[in-house]
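Here's the structure we're looking at; comments come further down.
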Amino acid sequence: MKTVTSTHRLAGLLAFAALHLGAAPGTPTRPNILFIFSDDHAQAAISAYGSVVNRTPNIDRIAEGGARFTNSFVTNSICTPSRATLLTGQYSHLNGVPVFNRFDGTRDTVAKHLQAAGYHTGMIGKWHLGNDPTGFDRWIVLPGQGEYWNPDFVVADKRKLTIEGHCTDITTDLGIEWLKTRPKDQPFFLMLHQKAPHRIWEPDKRNEALFKDRVIPEPDTLWDDYATRPAALPANQQTVAHDLTRLDLKLVPPGNLKGEARTEWLMTKPTEVTVNGRSLTGHELARWKYQRYMQDYLACVQGVDDGVGKVLDYLKENGLDKNTIVMYSADNGWYLGELGLYDKRFMYEPGLRVPLLVSGPGIKAGSLPAQFVANIDLAPTFLDLAGLPIPASMQGRSLVPLLHGEQPADWRASVYYRYYHDPGHHNTHAHLGVRTATHKLVYYWKQNAYEMFDLTRDPTEQQNLLFGESAKDPAVLAKFAELKAEVARLQKEFKDDGQYADSADWPAGSADGPFTDYKRIGDKTVAEAIAITGAK
């Protein structure tokens with residue numbers, strides 16, 4: 001899809017910013033852009049999205065002061081591919097990252113365009129693309145997935161350092177230090193990427209204590225039996241009941257275990273656990289696992305929310321809020337026990353939906369854009385906000401008109417999805433599909449099996465209409481044909497010819513490095529680490 005800059009809409013936004021800053025309307029100031037990204041943050045774990053399991057008052061501040069997108073989706077619900085899409089505005093089959101392979105840093109990215117246009121660009125936190133970031137004036141990133149405690153970071157010239165503390169707090173502080181030391185005569189573009197709440201969910205101590213004894217409501221579909229969806233769900237290995245390891249559950253190994261024996265013990269999926277002197281098995285154990293998992297997951301989310309609040313406070317205290325667009329999103333959706341699952345990958349609603357909240361000058365407080373948006377739209381939006389043209393290679397559309405309250409008549413009415421990582425970590429079968437306002441069609445191409453859901457009547461996707469007697473209904477068959485035609489149309493529009501459908505064709509390299517040839521330069525403070533990145 002070829003898109004161009006929304007000049008008149010942008011002028012309105014920037015004129016609003018100029019008036020806010022006291023500048024003359026004829027000399028609008030380009031806005032700063034702060035993009036805060038978390039890892040595996042479910043929409044359902046944000047109170048602005050109606051969470052029943054936690055409260056996120058600081059992330060909610062973005063929604064209250066700006067826009068909360070109610071239909072925001074990813075195009076491949078997995079970490080590394082999502083990050084490549086964020087940078088390129090392209091689907092996985094075009095940007096070359098369908099799975100956990102290395103991203104080609106010579107590719108065209110939004111950061112390179114902003115940097116060339118005079119923005120001071122920064123990347124901090126979780127990168128997970130297997131190479132050094134390009135297009136950024138200053139960057140400091142985790143090698144691979146990174147660690148929660150006392151994490152290593154890598155910086156330019158293949159150097160590695162360690163910062164003591166919890167990764168979420170450190171990433172937040174690095175972001176603020178970057179803002180403090182930025183060139184004051186340039187607009188900035190900062191990508192501030194948290195590791196949390198990624199597995200294995202190791203929260204900071206203050207939030208661990210906060211959630212330690214919290215009882216979390218179970219979702220209605222925690223005990224889903226997958227009766228009408230036999231193609232992929234019964235084979236999956238990302239269930240709360242059966243697939244959380246002793247490490248996930250923070251069980252303490254026997255003291256005499258060392259090395260490989262200790263690792264093997266921790267990576268075992270327990271079928272019996274003793275808690276307070278009682279032996280738990282079956283449903284009772286699954287309920288305990290759910291609580292244990294959710295307590296740690298939500299405590300990690302709370303740390304992210306704390307960090308968002310700290311950054312928002314810094315912007316306000318230093319007058320930067322008046323000309324800074326703040327966005328919050330996550331790399332993919334996440335399951336909080338819905339359909340009995342944790343993790344992401346599957347195209348069901350919890351894995352497909354992601355938070356997207358945007359505030360700043362010119363954005364109406366409390367607005368709720370309902371249009372279908374996807375992560376291919378973020379790169380075009382950054383460029384449009386900066387007044388830059390959007391390359392024809394980018395497949396998304398700028399969200400600026402939606403942020404400005406417009407209702408484009410030609411906005412998309414469906415979202416195309418494709419997941420490739422099969423075989424993968426959780427035996428999640430490869431699939432593709434389409435999501436419309438009322439229905440969803442999922443196709444598991446290796447099984448040659450379809451699932452179709454009427455989301456208006458079945459929002460939790462329990463009844464596959466193509467299973468059993470309903471599959472003979474003429475209305476169901478007509479809708480099935482309609483959705484298959486929509487998939488074919490979208491594949492043609494987005495140039496998906498089946499690239500990477502076969503794992504033998506996946507690109508080489510790993511998002512996890514290796515980083516063994518990086519020179520270790522010791523322990524550093526946050527300020528020292530930012531200084532090493534080339535702060536002026």
R206 versus (1) under 24 Å from the mean Cα position of the chain (by Cα); (2) more than 18 Å from V442 (Cβ to Cβ): which is the lone unmet condition? (1)
Would you confirm, using the coordinates I've provided, whether L21 is modelled with pLDDT under 95 and crowded, with 20+ Cβ neighbours inside 10 Å? no
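Any idea how many residues of the stretch 446-467 are under 27 Å from P423 (Cα atoms) and either open to solvent by 30 Å² or more (accessible area, probe 1.4 Å) or not in a strand (DSSP E or B) (or both)?
Number satisfying all stated conditions: 12.
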If V434 satisfies all but one of (1) within 28 Å of the chain's Cα centre (by Cα); (2) touching a residue at least 60 places away in the same chain (Cβ under 8 Å), what's the number of the condition it fails? (2)
Breaking point among (1) surrounded by 19 or more Cβ atoms within 10 Å (Cβ to Cβ); (2) farther than 18 Å from T56 by Cα; (3) touching a helix residue (DSSP H, G or I) at 6+ places or on another chain (Cβ under 8 Å), for V273: (1)
With the stretch 184-303 as the region, which strands (runs of 3 or more DSSP E) entirely inside it contain at least 2 residues that are among the hydrophobic types (A, V, I, L, M, F, W, C)? 188-193, 273-275
Condition first: open to solvent by 30 Å² or more (accessible area, probe 1.4 Å), over 30 Å from F188 (Cβ atoms) and of a type outside the set (K, R). Now tell me which residues in the stretch 282-326 satisfy that. G282, H283, E284, W288, Q291
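Would you check if Q145 is of a type outside the set (A, V, I, L, M, F, W, C), closer than 20 Å to G175 by Cα and over 21 Å from the mean Cα position of the chain (by Cα)?
It is false that Q145 is of a type outside the set (A, V, I, L, M, F, W, C), closer than 20 Å to G175 by Cα and over 21 Å from the mean Cα position of the chain (by Cα).
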Would you be able to tell me the number of residues in the stretch 507-519 that are in a loop (DSSP other than H, G, I, E, B) and either open to solvent by 60 Å² or more (accessible area, probe 1.4 Å) or within 12 Å of D152 (Cα to Cα) (or both)? 7
If you go through the stretch 468-490 one residue at a time, do you hit one that is closer than 23 Å to A232 by Cβ, in contact with an Asp or Glu (Cβ under 8 Å, 6 or more places away or on another chain) and exposed (fewer than 15 other Cβ atoms within 10 Å of the Cβ)? no
Give me the residue from the stretch 45-78 that is small (G, A, S) and surrounded by 24 or more Cβ atoms within 10 Å (Cβ to Cβ) and, out of that set, farthest from V434 (Cα to Cα). A63
Can you tell me which residue within the stretch 248-269, out of those that are touching a residue at least 24 places away in the same chain (Cβ under 8 Å) and surrounded by fewer than 17 Cβ atoms within 10 Å (Cβ to Cβ), is farthest from the chain's Cα centre (by Cα)? K269
The lone exception for G522 - which of (1) exposed (fewer than 12 other Cβ atoms within 10 Å of the Cβ); (2) closer than 19 Å to S92 by Cβ it fails: (2)
For the stretch 134-156, enumerate the residues that are out of contact with any Leu (no Cβ under 8 Å at 6 or more places or on another chain) and over 20 Å from P183 (Cα atoms). V141, L142, P143, G144, Q145, G146, E147, Y148, W149, N150
First in the stretch 507-534 and more than 22 Å from H166 (Cα to Cα), second anywhere and hydrophobic (A, V, I, L, M, F, W, C) and in a loop (DSSP other than H, G, I, E, B), Cβ under 7 Å, 6 or more apart: S510/F100; A511/F100; A511/L129
Criterion: surrounded by 15 or more Cβ atoms within 10 Å (Cβ to Cβ), part of a helix (DSSP H, G or I) and not polar (S, T, N, Q) - qualifying residue of A529, A504: A529
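The values are calculated or read from the model by the stated rules, or taken from the named source; none is laboratory data. Nothing here was measured: the structure is a model prediction, and the numbers come from that model. All Cβ positions, glycine included, derive from the backbone under ideal geometry; neighbour counts span all protein chains shown. Accessible surface areas use protein heavy atoms only, side chains included; no ligands, DNA or RNA. Shrake-Rupley method; radii C 1.70, N 1.55, O 1.52, S 1.80 Å.
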